[in-house]
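Here's the structure we're looking at; comments come further down.
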Amino acid sequence: MEIAPKIPIAPTETAKNGIEEPASSAGEVLHILVIRLSAMGDVAMAVPIIAALLEQYPKVKITVLTRAFFSPFFLNSIM
């Protein structure tokens with residue numbers, strides 16, 4: 001399996017264990033809002049990108065805003 005390249009999402013801080021984490025003010029959790037209301041192909045392609053972000057940055061909170069019709073893409077994924 002090919003390893004996906006790191007996705008830069010924000011300035012990072014290197015923790016004591018050497019793993020870079022997204023920097024946030026006062027230790028707050030970084031929250032990302034993904035809005036995708038149309039174009040089923042774009043919605044489908046967003047799922048693996050969001051999954052990769054969550055795998056790489058498990059402390060990041062991601063909220064997805066989409067039409068109810070597209071919710072199965074996100075409900076049945078690893079997110």
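The values are calculated or read from the model by the stated rules, or taken from the named source; none is laboratory data. Everything quoted here is computed from the prediction, not taken from an experiment. Using ideal geometry, Cβ is built from the backbone for each residue, glycine included, and neighbour counts are taken over all protein chains shown. Note: areas computed on protein heavy atoms with side chains; ligands, DNA, RNA excluded. Shrake-Rupley method; radii C 1.70, N 1.55, O 1.52, S 1.80 Å.
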Selected residue (criterion: surrounded by the most Cβ atoms within 10 Å (Cβ to Cβ)) from residues of segment 31-54 that are over 18 Å from residue 68 (Cα atoms) and not aliphatic (A, V, I, L, M): 48
Qualifying positions in segment 55-74 - aromatic (Phe, Trp, Tyr) and open to solvent by 40 Å² or more (accessible area, probe 1.4 Å): 69, 73
Neighbours by Cβ (under 6 Å, 6+ apart or cross-chain): first from segment 46-67, closer than 14 Å to residue 31 by Cα; second open to solvent by less than 20 Å² (accessible area, probe 1.4 Å) and outside any strand (DSSP E or B): 62/50
Check on residue 12, touching an Asp or Glu at 6+ places or on another chain (Cβ under 6 Å) and either among the polar types (S, T, N, Q) or modelled with pLDDT under 90 (or both): yes
